[in-house]
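Read through the structure below, which is laid out as structure tokens, and then see the notes.
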Amino acid sequence: MILDRFKLCFWDFDGVIKESVEVKTQAYFSLFEPFGFDVANKVRKHHIANGGISRFDKLPIYLKWAEIDPTYDVLADYCEKFSQLVLQGVIDSPWVEGAENYLRCNEHNQIFVLVSATPQDELEYIIKALNLVECFSKIYGAPTTKQDAIFKTIKDYDLNPSECLMIGDASADLKASDANQVSFLLRRHKSNAEIFSSYLGPSIRDFVKL
């Protein structure tokens with residue numbers, strides 16, 4: 001895939017810009033470990049299989065598995081606990097090789113839009129901490145879905161979907177791009193190897209030679 005032919009690139013964050021997937025996997029496990037290994041391991045497996053989906057959608061499921069009623073206050077409390085577990089770890093995670101340079105240099109003068117399942121305020125904090133704000137024309141986090149973010153952006157910029165590319169590492173990223181008829185580039189890593197074992201579309205391990 002020749003990336004410079006796309007006018008606009010949508011970027012996921014965890015597992016695409018930063019090697020932060022494992023940080024969140026471990027956080028989910030730790031959060032539910034007090035309810036026993038079986039519950040925590042079930043949570044871990046579900047999270048891995050459903051990457052790219054907001055914690056607002058996942059935590060109610062996991063709380064029910066822990067036999068906790070996911071009321072508004074309880075969910076808010078667990079969202080805050082999760083945020084405290086992951087925030088600095090995500091910021092400190094290694095860069096996906098070549099991603100930082102590709103974003104900062106933007107040699108092809110493309111429009112970069114960030115679409116993530118991380119909550120909007122937390123995502124903006126992370127991007128500011130990493131000094132990446134100027135790299136993105138728009139930043140979308142939860143509760144805006146990736147599908148809606150892509151649709152809105154294409155409309156706002158009056159682009160044809162064929163002029164856009166989604167770079168992601170999760171099934172949710174692929175589904176969001178397919179729903180908007182946008183090309184998809186998979187970033188492969190060890191955590192999504194099984195999920196995308198039969199995927200035959202364009203993929204990369206890093207951004208070094210792009």
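Remarks
- C-alpha center-to-center spacing [the range 102-161, the range 25-87] in angstrom: 26 Å
- Modelled label reach - residue 38, point 7 Å along Cα→Cβ, the range 58-83 residues with backbone N closer than 16 Å: 64-68
- Computed FRET value (nearest 0.05) for residue 73 with residue 128, which takes r as the C-beta separation and R₀ as 25 Å: 0.30
- Listed candidates (i) 1.22; (ii) 1.01; (iii) 1.36 - label of the one calculated as Cα Rg over 2.2 N^0.38 Å: (ii)
- Counting only residues at least eight positions apart within a chain, or on another chain, the lysines with an alpha carbon under 16 Å from that of residue 64 are 42, 45.
- Degrees separating the helix 37-49 axis from the principal Cα axis of the chain, which is the longest one: 10 degrees
- Split the accessible area of the range 85-210 by element, probe 1.4 Å, and carbon with sulfur accounts for 48%.
- Difference of contour (0.36 nm per residue) and Cα-Cα distance, residue 138 to residue 61: 24.7 nm
- Per-peptide packing, taken as the mean over residues of other Cβ atoms within 10 Å, places 114-120, 79-85 in the sequence 114-120, 79-85 from highest down.
- The chain: angle of helix 21-32 to the longest principal axis, Cα-based, in degrees nearest 10: 20 degrees
- Rounded to the nearest 10 degrees, the inclination of helix 72-92 to the longest alpha-carbon principal axis of the chain is 50 degrees.
- Only lysines eight or more places from residue 128 in sequence, or on another chain, were considered; those with a Cα closer than 30 Å are 7, 18, 24, 58, 81, 138, 146, 152, 155, 175, 190, 209.
- Using just its DSSP H runs of length 4 or more, each adding -39500 (n - 2.57), the chain gives a mean residue ellipticity at 222 nm of -14000 deg cm²/dmol after division by all residues.
- Accessible surface, 1.4 Å probe, highest first, among residues 62, 140: 140, 62
- Estimated FRET transfer efficiency when R0 is 35 angstrom, pair residue 50-residue 158 (beta carbons, to 0.05): 0.60
- Solvent-accessible surface of the range 67-210, averaged per residue with a 1.4 angstrom probe and all protein chains in place: 54 square angstrom.
The values are calculated or read from the model by the stated rules, or taken from the named source; none is laboratory data. Computed from a predicted model, the values in this text were never measured in an experiment. Here the Cβ is made from the backbone with ideal geometry for all residues, glycine too, and neighbour counts use every protein chain on show. All accessible areas refer to the heavy atoms of the entire protein, side chains included, with ligands and DNA or RNA removed. Shrake-Rupley method; radii C 1.70, N 1.55, O 1.52, S 1.80 Å.
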